[in-house]
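K.L.:
I'd like to ask you about the structure that follows.
Every number in this text was worked out from the coordinates using simple rules, so none of it is lab data. Bear in mind that the values here come from a model prediction, so they are computed numbers and not experimental data. Cβ: placed from backbone, ideal geometry, glycine included. Neighbour counts: every protein chain shown.
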Number of protein chains: 2
Amino acid sequence: MPEKQTNLAWDTLLAPLRTRGADGGPGMDGPMHRRLARLLREAVRDRRIPAGAALPPSRLLAAELGCSRWVVTEAYGQLVAEGYLEARTGSATRVRGFPPPPPLVPGRPAPRPPAAAGPLLDLIPGLPDLRAFPRRGWADAVHRALSAASDAELGSRPPAGHPRLRGVLAEYLRRVRGAEAAAADVVVCRGIADGIGLVCAALRESGRRQIAVEEPCWAQVRQAANGAGLECVPVSVDERGLRVEELYAYPGLRAVAVSPAHQFPTGAVMAPDRRAALLRWAESADALVLEDDYDAEFRYDRDPVGVLQGVAPARVVLLGSVSKTLSPALGLGWMVAPPDWAARVLARRTPAAAPALPDQLALAGFMQSGAYDRQLRAVRRHYRARRAALIAALSQELPGVRVTGADAGLHLVARLDGPGGAAWGTQVAGAAARLGLRLSPLDFHYHGPSPDGRALVLGYGNLPDHAVGQAAALVRAAVEAVAPS
Amino acid sequence: MPEKQTNLAWDTLLAPLRTRGADGGPGMDGPMHRRLARLLREAVRDRRIPAGAALPPSRLLAAELGCSRWVVTEAYGQLVAEGYLEARTGSATRVRGFPPPPPLVPGRPAPRPPAAAGPLLDLIPGLPDLRAFPRRGWADAVHRALSAASDAELGSRPPAGHPRLRGVLAEYLRRVRGAEAAAADVVVCRGIADGIGLVCAALRESGRRQIAVEEPCWAQVRQAANGAGLECVPVSVDERGLRVEELYAYPGLRAVAVSPAHQFPTGAVMAPDRRAALLRWAESADALVLEDDYDAEFRYDRDPVGVLQGVAPARVVLLGSVSKTLSPALGLGWMVAPPDWAARVLARRTPAAAPALPDQLALAGFMQSGAYDRQLRAVRRHYRARRAALIAALSQELPGVRVTGADAGLHLVARLDGPGGAAWGTQVAGAAARLGLRLSPLDFHYHGPSPDGRALVLGYGNLPDHAVGQAAALVRAAVEAVAPS
């Protein structure tokens with residue numbers, strides 16, 4: 001049947017079409033013309049039928065396969081349309097000449113194996129208690145949101161977020177964080193880093209070149225600022241928060257990112273006079289303050305400190321998210337910005353930038369129903385107990401330890417005697433990893449050299465309660481592996 | 001009780017604390033110290049207590065309010081921490097001096113009113129049938145995904161997307177679109193514009209300055225490319241798709257964005273020889289092809305044309321989404337990229353860039369269960385019938401109309417006699433709007449002047465079946481309002 005010049009093993013090639021298992025054998029389902037097209041497509045692609053080869057006349061192939069001629073012409077036509085074959089009037093249908101086989105395909109990396117499921121204990125800060133994620137409550141909120149939404153709502157993602165969620169967030173932030181916020185001031189975004197990136201891009205577009213960041217700070221703040229084209233100016237942090245007076249050393253500086261409620265990673269709560277001084281500097285420099293309010297819902301010794309934004313709403317962009325209260329995997333956050341800055345942020349926002357609409361409506365419903373407040377109250381109790389247990393266990397394992405930064409949030413800093421530095425940090429993190437423990441030395445969060453001694457940032461948000469003692473013992477073992485006492 | 005110098009109406013100020021309704025009156029719930037702090041915070045913020053004013057000694061105020069002194073010191077302490085008050089040893093607690101009231105707050109724009117719910121018929125292309133959105137099926141998929149996910153999965157958003165979804169998408173694209181795709185080649189993104197933006201940023205970073213785009217094209221392609229810093233080179237489109245030979249006019253050009261399965265907005269299906277020529281050009285120019293496969297699932301006269309990416313996986317980035325199959329409000333899309341380009345895209349991706357994890361797992365489950373295929377089959381039938389009805393209605397209302405670009409997708413082009421041009425387009429769109437119809441002239445999709453005559457791009461994805469006749473009659477009325485025949 002095949003033309004002599006091509007000398008193809010047509011029988012082998014077409015065999016899968018004849019030996020039909022259930023529904024045509026594995027991977028060979030669907031109507032005959034589609035199966036034939038698929039078989040030929042793969043053969044052309046694999047070069048089993050070479051470029052220029054003529055295909056059997058449709059009548060012959062149809063007889064061979066015991067099908068109607070339409071099946072064959074349909075399959076050929078499909079592959080002509082896709083560019084695998086070419087048909088010329090009065091001539092056989094042939095395989096089109098393609099570029100040579102691309103060299104990259106063989107070198108294509110194999111799929112990565114899933115992350116090793118070892119017995120690791122993870123004290124890297126950043127996660128809330130994932131065992132406490134309200135799976136049922138969130139699924140119900142999505143279900144209710146989808147049931148109640150109008151058809152039009154299901155087809156749109158307003159750039160600033162759904163008006164209902166903006167209103168609910170404004171009410172929540174006024175009530176819980178002392179913010180000065182109306183629905184119109186809220187922009188829904190995909191997390192704090194997303195929000196910082198958006199504001200930094202707006203800063204860059206308005207001609208600003210620099211932003212002050214805390215030293216040490218959350219790496220994603222620096223990344224978002226750099227990604228937007230801003231240079232980061234590091235400003236020291238002590239146990240009373242940002243050292244505001246250092247801002248005056250940079251005359252052109254007109255933006256600063258801070259985490260006043262619970263500095264990351266030192267855990268310092270910004271002192272009242274520093275808060276006032278920061279706003280005075282912002283006023284004198286005509287600067288914008290980015291207030292990263294990432295975990296202030298969790299404060300254990302007293303009520304959470306209200307936000308700076310409530311004191312100076314025209315100077316401060318407040319940024320928050322559900323990453324520490326529900327999960328970072330939801331990608332739901334917000335900013336409250338002065339109107340001119342909100343307008344600049346929205347002007348450059350692409351239509352697809354907002355979170356999925358069902359998720360936005362689910363969060364609005366979850367907050368309005370009181371489920372969010374209940375979730376916070378429940379986990380706050382757990383975190384308070386776990387924090388106390390961890391501090392007690394650390395004190396027992398490492399008698400000289402000084403715990404700082406534990407007033408709020410989901411991490412603390414354990415300070416030890418002896419000189420610190422990047423080398424010590426690298427060694428202790430390595431020793432911990434060998435013991436099955438992930439931890440992050442304070443050094444790692446500095447952009448420049450760290451002035452601190454030996455210190456570890458220990459996140460306990462996702463640490464199982466039963467593993468607190470073990471975690472403290474492993475911290476000791478890691479510390480002793482580097483500097484035996 | 002108050003000091004003379006401040007002369008404050010303390011009685012009025014503190015009245016809400018005394019006149020307790022249910023749980024302390026509207027907005028005054030919670031323990032006494034918190035209510036007092038809130039009241040004082042608002043009074044300071046509103047300047048009802050001026051800067052510098054001394055607060056009553058805690059003992060006096062406690063006696064006045066009939067509460068313990070602890071309540072007052074706690075409230076004062078909270079406001080000192082927040083920066084509203086300042087306490088100095090041996091002196092009264094005073095209201096801190098703040099920057100003057102920010103001038104921007106009064107000018108803050110009022111919340112925008114919701115979009116007018118007029119009797120508008122909308123023929124702007126872009127939406128699928130939102131009445132057909134599988135509310136129940138999607139909510140169930142989210143519920144199942146949340147039930148089945150591990151704790152660790154609930155806390156992470158891998159930059160390339162969840163491995164399960166990547167595998168499911170690879171299988172789907174191989175099966176339905178003839179793609180050459182393994183899970184490792186798939187990057188989950190938030191829609192096609194997001195994906196184009198990511199690839200364009202990678203192109204820019206690798207030193208490329210230009211990208212060829214179809215003229216006319218989807219505006220978001222140009223926006224995404226420009227946003228990434230690339231210059232757009234317009235290349236003509238005719239009824240056989242992109243005029244590939246024009247690419248040779250730009251010697252340094254090494255990237256092109258095309259929509260071969262159903263060009264937007266003309267609806268042309270790229271001819272087989274053009275497809276082959278495009279790949280030849282890409283090979284000779286060492287160029288990357290961005291294949292926008294936005295609505296190819298809907299093809300009515302024959303099977304969808306397989307993707308270019310399947311023919312040349314090392315040269316083509318395939319981009320798709322659920323925006324036309326489910327809803328753009330979900331923000332779920334994908335790309336299949338050659339390994340080196342996928343690596344470049346991922347290298348610059350921020351951790352928060354991927355869609356919400358529950359949504360990713362829901363889509364994987366929705367596809368694996370067969371619900372996605374069923375949804376496509378069901379809506380394809382509807383669209384086919386609606387397309388036929390719209391073409392018939394247009395032919396009846398506008399006897400000279402020529403319908404093109406209707407082989408696939410959710411829109412068609414209605415061409416009329418007479419000279420076109422931006423002025424005609426503006427007038428007919430304006431006349432349509434006055435009649436309660438939104439429509440988009442083909443002219444509007446050109447970056448430069450349009451060579452076409454009078455032509456309208458009519459999207460019927462979200463047009464109710466019962467309104468097809470009315471829509472066609474309104475199109476005629478709008479056309480006649482501009483150029484009465």
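K.L.:
When each pair of different Cα atoms in the stretch A:123-282 is counted once in the 1/r mean, what is the Kirkwood radius in angstroms, to one decimal?
P.N.:
It is 18.3 Å.
K.L.:
Under the convention of a label 7 Å out along Cα→Cβ, give the distances in nm from residue B:400 to the same position in every other copy, shortest first.
P.N.:
Once sorted, the set of distances for residue B:400 reads 9.5 nm.
K.L.:
What 222 nm value per residue comes from the helices of chain A, counting each DSSP H run with n ≥ 4 as -39,500 (n - 2.57) and dividing by all residues, nearest 500 deg cm²/dmol?
P.N.:
-12500 deg cm²/dmol
K.L.:
Still on this structure, please answer the following. Using every Cα-Cα pair within the stretch A:243-324, state what percent have a distance larger than 16 Å.
P.N.:
50 percent
K.L.:
In the stretch B:361-476, if every C-alpha pair distance is counted and binned at 10 Å from zero, what percent goes to each bin?
P.N.:
Reading the bins upward from 0: 13, 39, 28, 14, 7, 0.
K.L.:
Just to confirm the number: angle between the C-alpha axis of helix A:192-205 and the first principal axis of chain A, 0 to 90 degrees, nearest 10?
P.N.:
Taking Cα atoms only, the helix is inclined about 90 degrees.
K.L.:
Also, quick follow-up: Can you give the extra length, in nm with one decimal, that the chain gains between residue A:250 and residue A:273 once fully stretched, where that is 0.36 nm per residue apart less the Cα-Cα distance?
P.N.:
6.2 nm is the gain from fully extending residue A:250 to residue A:273.
K.L.:
How big is the convex hull of the Cα atoms of the stretch A:229-280, per residue, in Å³?
P.N.:
In the stretch A:229-280, the Cα convex hull volume per residue is 83 Å³.
K.L.:
For residue A:388, place a label point 7 Å from Cα along the Cα-to-Cβ direction in every copy; what are the distances to the other copies, in nm, shortest first?
P.N.:
For residue A:388, the other copies' label points sit at 7.4 nm, shortest first.
K.L.:
For the stretch A:171-223, report the % of Cα-Cα distances exceeding 18 Å.
P.N.:
Cα-Cα pairs in the stretch A:171-223 separated by more than 18 Å: 50 percent.
K.L.:
What does the copy distance list look like for residue A:31, label position 7 Å along Cα→Cβ, in nm and ordered from shortest?
P.N.:
Spelled out, the distances from residue A:31's label point are 7.3 nm.
K.L.:
While we're on this one: Across the stretch A:368-429, how large is the tail of the calculated P(r) beyond 14 Å, expressed as a percent of all Cα pairs?
P.N.:
Across the stretch A:368-429, Cα pairs with separations above 14 Å total 68 percent.
K.L.:
Evaluate the charge dipole of chain B about its Cα centre and quote only its size in Debye, nearest 20, assuming +1 on the Cβ of each Lys and Arg and -1 on the Cβ of each Asp and Glu.
P.N.:
That gives chain B a dipole magnitude of about 1420 debye.
K.L.:
Related question: What is the antiparallel percent of DSSP beta bridges lying wholly in chain B, to the nearest 5? Kindly include the intermediate steps, with their values, before the conclusion.
P.N.:
Numbers: 24 of 42 bridges.
Around 55 percent antiparallel, to the nearest 5.
K.L.:
Quick one: dipole size for the protein assembly as shown, taken about the Cα centre, charges +1 on Lys/Arg Cβ and -1 on Asp/Glu Cβ, in debye to the nearest 20.
P.N.:
Its charge dipole is roughly 1000 debye.
K.L.:
Rounded to the nearest 20 Debye, what is the dipole magnitude of the stretch B:368-452 about its Cα centre when Lys and Arg each give +1 and Asp and Glu each give -1 at the C-beta?
P.N.:
500 debye
K.L.:
Once you have the Cα-Cα distance between residue A:91 and residue A:480, take 0.36 nm times their residue separation minus that, and quote the gain in nm to one decimal.
P.N.:
Here the segment from residue A:91 to residue A:480 would lengthen by 131.9 nm.
K.L.:
Need one word for the protein assembly as shown: rounded, prolate or oblate. Basis is the Cα gyration tensor (sqrt eigenvalues a ≥ b ≥ c); a/c below 1.5 gives rounded, then a/b vs b/c decides.
P.N.:
Prolate, because a/c is 1.5 or more and a/b exceeds b/c.
K.L.:
Separate question: Look at the axis of the rotation that sends chain B onto chain A, then give the chain B residue with the nearest Cβ and the distance in whole Å.
P.N.:
B:142, 2
K.L.:
Whole number please: convex hull volume per residue, Cα atoms of the stretch A:197-303, in Å³.
P.N.:
Numbers: hull volume 10.0 nm³, N = 107.
Dividing the Cα hull volume of the stretch A:197-303 by its residues yields 93 Å³.
K.L.:
Quick one: work out Rg over Rh on the C-alpha atoms of chain B, Rh as Kirkwood radius.
P.N.:
Rg/Rh: 1.15.
K.L.:
Using label points projected 7 Å from each Cα along Cα→Cβ, tell me how many nm separate residue A:371 and residue B:13, to one decimal.
P.N.:
Result for the modelled spin labels: 4.2 nm.
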